[in-house]
Structures are given as C-alpha cells and as structure tokens.
Amino acid sequence: MFFGGYSSAGIKAENQDAFAALVPKASELQAKGAIATLADGVSSASKAAEAAQLAVTQFINEYYATPETWSTQKSAAKVLTSLNQWLFSQGDMFSKQQQQWLTTFSSLILKSTTGYIFHVGDSRISKYRNQHIEQITRDHNQKNGGNRAILTRALGADNRLKVDVHQVDLQVGDIFMLSCDGVHDFISKKKLSAFLNTLPKNPTNEDLEGVSQLIAEQAIADGSDDNVSCLLVHVNNIPQRKLDEIERDLQNKAIPPALKVGMNLDGYKVRKIIHASIRSHLYLVEHENEKLPMVLKAPSANFVDDAIYLQGFMREAWVGERVNHANVMRINQGAENSKFLYHVCEYVEGQTLSEWMHDNPKPSIAQVRDIIRQIIAALRAFQRLELVHRDLKPDNVMIDSFGQIKLIDYGTVFVASLDENQESIRETVPQGSLNYIAPETLLHMQADYRSDLFSLGVICYEMLTGELPYKPMKRAEVTFSAYNQWKYRSSKQFRHELPLWLDLALEKATAADPRSRFQAFSELQAELGKPNSSAIEEYQRQPLLQRNPVKFWQGLSFLLATALLISLLN
C-alpha cells in the first residue's frame, strides 16, 4: 500500500488537524498490519491541536507496542481506551462541560486482506472503488439548525469511550480517504471522484500527496472555513497466494536427518537422544556459546510433505519466543540463516505429567491442587497474549524434581493475530488430542480459553481418579452432534473417598457446553481450594434421578422386584 496526505490551516490561524501513517517492517506487518490515522482537534478545546497530534502519534506507537499475538481489535481497543483516559484526565475537574483535550479520531489498519476501522467523531473514512466513492464511517454530530453541526462524540470527552468498529474487505486498487469535516462538508462526491480518478493505476506516495493537496485546496475554494486535511491510502496488492505457494515457502528449509550422539548441527553437539517418534526428534545438545544444555527439536522426515504440520512446527517457535513465564518452556530459534528446520528449547530435567501420574496413582488433593495452580498460571500467560494451547494433556506438561511444572508443545496453539491473516493454511480438522479436546472444537472447530479450561479439568480428574470424566472415545467413534451427548461420570465412582464438593467442581470444569463451565481459570482454582457450600446445597435440592440416575434406577428396580416377589408369594 501507499500513503499520501496534505493538511493546512485553511483560513484559520492555527491548524488543529493531524494525520500519520506507517508501514512497519515485514515481521510487524504480518502480525500487526499498516496504519493510517487522522484526527481533528475540537476547536472549542484549549488543547485541540495538541490532542490531535498526540492521538495520531501515540496510537501508532502504542499499537505496535502491544503483543504481536493480540488480535487487531484487542490491540486497538486497549490503546484507544488508555489514550482516551489520559486525554479525559487532563480536563478541568471543575468544568467538565468544556474539556481542554478533545479530538475526533479515525484510523484504518490494513492487515492481510482486511481493513480494520476505528472511529470517533465527525472526521471520516471513505472508500473509492470502481469510480464510486462510499462513506464508511458515521459522523458523530447533530444538526443544530445552523450552518455547523454539534459534535456528539470525541476522544477525551467522556471516561466511557464508545468507538465505532468496522471491517472491510480489501481489493487491489482500493483508495481509502481519511478527511476532516473541513474537507468532506464542503466538496461534493462528484468533485472528489474526479480528483481520485486522475490517479495512475499504481500511484506513488508523491502521486497521492499531490491529489490530497488538490482536494484540500478545492475544499477551501468551495467555501471551507475550517482546517483542511486529507489522507489517501492506495491498496496496490493483497495476499492472494495459492496453497502450493504457501506450502513451498514452508518447505524452504530442509528437515535435518536423524542425528546420532556426537553429531553436530549448526554448532549444536548431540549429547543424548531424548525422544524419537514418527512426528519429531528431541536431542540433548550443547553449544559453545551457551552455558546450559538445551533441547534441539526437529520434525520427522515423515512429515516433509505435511504443510499443516510444518506450519505448526514453525508457529511453535514463533510462540515460544514471545511467551515469557516460569511455567512455560522457553524456545529460541536455531542458528540464523540455517538451511535446516529446527528450534532450540529450554531443557527441563524431569518427567511428563503422564509419568508422574503413573508413579502417583492416588495423589492427595493438595498435590493435585499445586500442579493445577501452576498450569493455570501458564494458561493465564497464554490468555493474556490471546493464545489458546488447544493440545493440553498430561504428555504436554513436564514436572521437575522440585515439583515445578512447564507447559510444552505449542504446535497447535491458536494465535489471534495470525488467524486474521490469509497467508497460512486453514485447518480442516480439529486440533488437539482425543479425550482431552474440548467438545466445541470437535463440533464446531472453535476454541478459546474455556477450551483449555476443559482440557485442564480432564487432567485434574484423571490425576485424582486414573480415569476420564467421559467414556473414552476412539477416533472412529467421534460421532457426537450435540453437547448433551457427553455424559459425565462422577469421580466418586472411581474414588469414593473424594468429597462431593470436589466432584461438583470437576463436573463444572469439564461441562461439555462451554457456557456451563467455569468462565475463568480463577474460578476453577478457587473451587479446588475450598468447598462451595452453595453448589452443594443446589446439588442436594435436585431430585435423585438428576443427582444419581444409576442409584435411582437401581432403587426403582429393587422396589419393582420386591413388589413382584410379594405378589408371587400371595
């Protein structure tokens, strides 16, 4: 895309408008997109020009400072909320009717094949496509019977910010115009179209800047009595890569051959083969530039043609570099410019949670509670970054000799920011491991933090009982079509000494319908810490058929058998 803009005070003494645009470096462009933004300071505010300038510059700076894993909407919302609170706080506390820092705000973020629009006030974003101009945003103003309208919404006007959010599909050749009311209130659509139609097919920044100036000057000639600002954005290209092109990029690096002890790969010397399977190889390695031993992970050659697997392998390294938490395994890229596909992980000396469960078949509630608490801490770190693990199971949890856990294996992690792009291969099957995967993922290919909470509930149940909360499934048996087909099995069936309050907490954590589960990890942690008396009372008020259908039918069968025996004796 290309940008070009022009701003002038017009017939006024001071220019209270501001605009800014930025195309970041390639890595940020994929995760965060490019930005164009325009603000029109409210002339009645004493700091109108400063508010407009601050809004456009700070929005861009702070937006790119948000985590690369966040979705566009979450990143923009966080920044705008913070920016609005600061502007609002600068107002005169004794005269709230006339804030000092007020500005309209309109921003367009172009990412992959989508334009994300965030808008407050009566500045405007319009789209010019196929020689037709269309207003996208709605002017937040109200006609008062005079020549000018009264602004009804602005940044800094209220501590409760309401932002209009739009998404638009991008097409090659689209031109987006960001303008202040000093332009679009005085120049007709016909004249705007005529100016935009003069642009070449592939305009440069200079072309766009020149036409922006012509539009602004025409607005003044047509009677504009305000500042005039116009910013044009031209979409020269969008990602439209075919599947084979994406796969070819994924296969640019070679999968290393199976390594043996003593062999060297990019300076990493193999000391031990930790694990080898049809999916991946793990080696304990040393490097002269590193003090501690590490684990080198490489995909198996069996997956050389599996683009989905290779995409997940590369995503695992991308995620591991961005999550910094004591309960999450660290991952670093291998040697820069290596021709091989692999990454280097933190070495965790210990055992998987599956192995720990085998060694501790009947752990105490306190032991389980401590492990779950640490896993929750790791999952909260994921949730803050808008990540969903999607493959939480005992084999993907390590526990060391001190009892500290590490969450591992991020090959199936859902990343909100990358999911917005069209430059990755779309998944066609649910991601996760059978019997731990959340029902909504199986039924609808959907997953959020509650899906990880479900998997965590299954793990907690399995640690306590050695069983699963639902009848184990084989892949061929996954024929469920509704949540009510999952039938919870009470943990007390397998370990009768477990308290009722704990079983109720496990039942809620593993509820098939995500709306019936705990809605936060903190709720599960609290329920595992102490009995929930209200939950017990509610359970006890239920009829026996609902509380314990097996016991109900056993009792009914006994009564019927007794009645039959009595009738025979008589």
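The values are calculated or read from the model by the stated rules, or taken from the named source; none is laboratory data. The structure displayed is predicted, hence computed values, not measured ones. Methodologically, a virtual Cβ is constructed for each residue, glycine included, from the backbone with ideal geometry; neighbour enumeration extends over all protein chains shown. Note: accessible area is taken over every heavy atom of the protein model, side chains too, but ligands, DNA and RNA are not part of it. Shrake-Rupley method; radii C 1.70, N 1.55, O 1.52, S 1.80 Å.
Relative contact order (percent) for segment 293-373, with alpha-carbon contacts under 8 angstrom and 6 or more residues of separation?
31
At a temperature of 4 °C and a viscosity of 1.567 mPa s, determine how fast segment 279-402 diffuses translationally according to Stokes-Einstein, using the Kirkwood radius over alpha-carbon pairs as Rh; express D in µm²/s, rounded to the nearest whole number.
80
What order do SER490, SER567, SER106 take when sorted by accessible area (1.4 Å probe), most exposed first? Numbers along the way, then the final one.
Values: SER490 30, SER567 70, SER106 0 Å².
Heavy-atom accessible area, descending, gives SER567, SER490, SER106.
Given the rule -39500 (n - 2.57) for each run of at least 4 DSSP H residues, summed and divided by the residues of the chain, what is its mean residue ellipticity at 222 nm, to the nearest 500 deg cm²/dmol?
Mean residue ellipticity, 222 nm, calculated: -10500 deg cm²/dmol.
So if the hydrodynamic radius of segment 118-189 is defined as the Kirkwood radius over C-alpha pairs, what does Stokes-Einstein give as its diffusion coefficient at 10 °C and 1.306 mPa s, in µm² per second?
The diffusion coefficient I find is 116 µm²/s.
Just the number please: accessible area per residue for the chain, 1.4 Å probe, all protein chains included, in Å².
Averaged over the residues of the chain, the accessible area is 50 Å².
Placing one identical point scatterer on every Cα of the chain and ignoring solvent, what is log10 I(q)/I(0) from the Debye formula at q = 0.06, 0.07, 0.08, 0.10 Å⁻¹?
Debye output, listed in q order: -0.45, -0.59, -0.73, -0.97.
Work out the length of the dipole vector of segment 416-498 about its Cα centre, built from +1 on the beta-carbon of each Lys and Arg and -1 on the beta-carbon of each Asp and Glu, and round it to the nearest 20 debye.
Numbers: 9 positive and 11 negative charges, 120 e Å.
For segment 416-498, the charge dipole is close to 580 debye.
With all protein chains present, how much of the accessible area of segment 296-413 (probe radius 1.4 Å) comes from carbon and sulfur, to the nearest whole percent? Please report the intermediate quantities before stating the final value.
Details: 2370 of 5070 Å².
Ligands and nucleic acids excluded, carbon and sulfur reach 47 percent.
In the chain, if the dipole is taken from +1 on Lys/Arg beta carbons and -1 on Asp/Glu beta carbons about the Cα centre, which of HIS119, PHE19, CYS460 is farthest to the positive end?
CYS460
Give me the base-10 log of I(q)/I(0) for segment 344-430 at each q in 0.18, 0.20, 0.23 Å⁻¹, Debye formula, one uniform scatterer per Cα, rounded to two decimals.
The Debye formula, applied to the Cα set alone, gives -0.86, -0.99, -1.19.
Which order do the peptides 36-43, 495-502, 205-212 take when ranked by the mean count of other beta-carbon atoms within 10 Å per residue, highest first?
36-43, 205-212, 495-502
About the Cα centre, and with charges only on the beta carbon of Lys, Arg (+1) and Asp, Glu (-1), how big is the dipole of the chain? Nearest 20 debye, please. Kindly include the intermediate steps, with their values, before the conclusion.
Details: 60 positive and 65 negative charges, 312 e Å.
Result for the chain is approximately 1500 debye, rounded to the nearest 20.
Take every Cα pair under 8 Å in segment 20-89 that's 6+ residues apart, average their separations, divide by the length, and report that relative contact order as a whole percent.
Relative contact order here is 26 percent.
In segment 21-72, which trypsin sites (Lys or Arg not before Pro) are in a loop and have at most 16 other Cβ atoms within 10 Å, using DSSP for the loop call?
LYS25
Report, in cubic angstrom per residue, the convex hull volume of the C-alpha atoms of segment 289-352.
Spelled out: Cα convex hull of segment 289-352, divided by residues, is 123 Å³.
Against the empirical 2.2 N^0.38 Å scaling, what ratio does the C-alpha Rg of segment 214-333 come to?
Its radius of gyration relative to the 2.2 N^0.38 Å reference: 1.85.
If amide hydrogens are placed 1.01 Å from N in the peptide plane, which non-local residues have theirs closer than 5 Å to the one on HIS281?
Counting only residues 5 or more places away or on other chains, the set is ALA298, SER300.
Using 7 Å Cα-to-Cβ label points, what is the GLN367/ARG322 separation (nm, one decimal)?
It works out to 3.8 nm between the two label points.
Of the options ALA9, THR69, VAL56, report the single residue whose Cα projects farthest towards the positive end of the charge dipole of segment 1-149 (beta-carbon charges: Lys, Arg +1; Asp, Glu -1).
THR69
Could you give me D for segment 36-185, from Stokes-Einstein at 10 °C and 1.306 mPa s, where the hydrodynamic radius is the Kirkwood radius over C-alpha pairs? Units µm² s⁻¹, please.
Calculated translational D: 100 µm²/s.
Using the Cα centre as the reference, give the magnitude of the dipole from point charges on the C-beta atoms of segment 328-374 (Lys, Arg: +1; Asp, Glu: -1; all else neutral), rounded to the nearest 20 debye.
180
How big, in percent, is the set of alpha carbon pairs in segment 411-515 lying more than 19 Å apart?
46
With a cut-off of 8 Å between alpha carbons and a minimum separation of six or more residues, what is the relative contact order of the chain in percent? Mind showing how you got there, number by number?
Values: 1080 pairs, mean separation 63.7, N = 570.
Once divided by the residue count of the chain, the mean separation gives 11 percent.
For segment 283-342 and segment 410-440, what is the centre-to-centre distance using only Cα atoms, to the nearest Å?
Using only Cα atoms to place each centre, the spacing works out to 19 Å.
Taking 0.36 nm per residue of sequence separation and subtracting the Cα-Cα distance, how much length would be gained by fully extending the chain between ALA254 and LYS339, in nm to one decimal?
Difference between extended and current length: 30.0 nm.
Can you list which of the DSSP-assigned H helices in the chain have a Cα extent of 27 Å or more along the long axis and an average Kyte-Doolittle score of at least 1.0?
Long hydrophobic helices here: 549-569.
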